[in-house]
Amino acid sequence: MRDDESVPPTPRPALFAAATLTLLCLGATGCGGGGTTQARPGPAVASPSSATASSPAPASPSPVHSSPAAPATRKPTPSASAPEAPSGPLSGKTVVIDPGHNPRNHLHTAEIARQVDIGTTHKECDTTGTSTNGGYAEAEFTLDVAHRMRTLLKAQGAKVVLSHDNDRPFGPCVDERARIGNKAGADAVVSVHADGSAVGNRGFHVILPASVRGGAADTSKIAGPSRDLGTRIAGLFVRATGSAPSNYIGGNSGLDIRKDLGGLNLSTVPKVFIECGNMRDPKDAALLTSASWRQKAAQGIADGISSYLNG
């Protein structure tokens, strides 16, 4: 499956042109400004000085009679303050990362098959996702990349929320994933996925929300900002990973617009999906199963988010 609610695409093979990379970055002003800032360690705490031995007190010449001293009043111990988030260029910004699928969805097929309202129609709560031929599940991939992204973005001062962290038996459903971003008042939301297409179909693509209005769905206010977010992510994903935009979706642009995804339709904050590669193609699978490449993927997505949030 292409993503949590996808329909197999019509293949559109095309040769990757170097000009695409330029267009991806030039399509978003400030595309190159997404570098990360490392958190600096706090000042070292000085250890207390060693106690010095006191000399004996001189003997009193005569006893002094006095009334017993009142017991000392104990001052309340101040509660430990919560550690402050590191300051940085993303301080005050909230980013929601939505790791696609759930590693245990396959154990709850009835629950994830339940139909939910996505505004324009009804679709499955979620799906199991895809996997490589060697058995590396998309849900494991998305969590790994999400964790790496969280570390990078928090180091820049952002508040980072995950839609789930392998802490649920299944899901969340696609409509709930949208609500999590909305409730957080997120400045940007990215849903992380990997595709499951035919061998020979390679590369990444970023999915943008179409202009949709129906029922609870209304993307009129987020379609433009989401396109800006997605374009920046696409350009900086190329720079970080060296991967080419999809040769079968998006006409070599690395961008695809869809109106059938509840996670986008029901979002009231800027949101995109990214399909980081095709798990069913051996060459793409070799990248997706590499920890060092996943770090590059996380860096590229985080850089795109930073570029968008910094304007």
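The values are calculated or read from the model by the stated rules, or taken from the named source; none is laboratory data. Because the structure is a prediction, the values reported are computed rather than measured. Cβ coordinates were reconstructed from backbone atoms using ideal geometry, including for glycine residues, and neighbour counts include every protein chain displayed. Just so you know, the surface numbers come from the protein's heavy atoms only, side chains and all, with ligands and any DNA or RNA stripped out. Shrake-Rupley method; radii C 1.70, N 1.55, O 1.52, S 1.80 Å.
Could you list all residues from segment 213-223 that are touching a Gly at 6+ places or on another chain (Cβ under 7 Å) and open to solvent by less than 60 Å² (accessible area, probe 1.4 Å)? Give the steps one after another, and end with the answer.
Just the residues of segment 213-223 that are touching a Gly at 6+ places or on another chain (Cβ under 7 Å), to begin with: 214-217.
Selection gives Gly214, Ala217.
Restricting attention to segment 127-145, report how many residues are part of a strand (DSSP E or B) and of a type in the set (Ser, Thr, Tyr). Please lay out each step first, then the result.
Our first condition is that a residue be part of a strand (DSSP E or B); within segment 127-145, this holds for 131, 137.
From what's left, of a type in the set (Ser, Thr, Tyr): 131.
Total satisfying the criteria: 1.
Residue-wise test of (1) under 30 Å from Thr289 (Cα atoms); (2) part of a helix (DSSP H, G or I); (3) at pLDDT below 95; (4) among the β-branched types (Val, Ile, Thr).
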position: Ser67; (1), (2), (3), (4): no, no, yes, no
position: Ala80; (1), (2), (3), (4): no, no, yes, no
position: Glu111; (1), (2), (3), (4): yes, yes, no, no
position: His147; (1), (2), (3), (4): yes, yes, no, no
position: Arg150; (1), (2), (3), (4): yes, yes, no, no
position: Pro169; (1), (2), (3), (4): yes, no, no, no
position: Ile180; (1), (2), (3), (4): yes, yes, no, yes
- Checking Leu309 against (1) within 24 Å of Val174 (Cα to Cα); (2) in contact (Cβ under 8 Å) with a residue 60 or more places away in the chain; (3) in contact with an Asp or Glu (Cβ under 9 Å, 6 or more places away or on another chain), the condition it does not meet: (1)
- Query: Of all residues in segment 224-283 being over 19 Å from Asp195 (Cβ atoms) and of a type in the set (Val, Ile, Thr), which is most open to solvent (accessible area, probe 1.4 Å)?
  - Reply: Thr268
- Task: State all residues of segment 158-189 that are open to solvent by 40 Å² or more (accessible area, probe 1.4 Å) and among the charged types (D, E, K, R); if no residue qualifies, say none.
- Result: Lys159, Asp165, Asp167, Arg168, Glu176, Arg179, Lys183, Asp187
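Restricting to segment 88-114, what's the tally of residues that are of a type in the set (S, T, N, Q) and open to solvent by 30 Å² or more (accessible area, probe 1.4 Å)?
Number of matching residues: 2.
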- Item | Residue match in segment 115-126 (condition: outside any strand (DSSP E or B), open to solvent by 20 Å² or more (accessible area, probe 1.4 Å) and of a type in the set (D, E, K, R)) | no
- Inspect all residues belonging to segment 127-146 and state whether any of them is within 16 Å of the chain's Cα centre (by Cα), within 29 Å of Asn247 (Cα to Cα), open to solvent by 20 Å² or more (accessible area, probe 1.4 Å) and touching a residue at least 60 places away in the same chain (Cβ under 8 Å). yes
- With respect to the numbered conditions (1) in a helix (DSSP H, G or I); (2) among the charged types (D, E, K, R); (3) more than 23 Å from Val145 (Cα to Cα), which one is the sole condition not fulfilled by Lys221? (1)
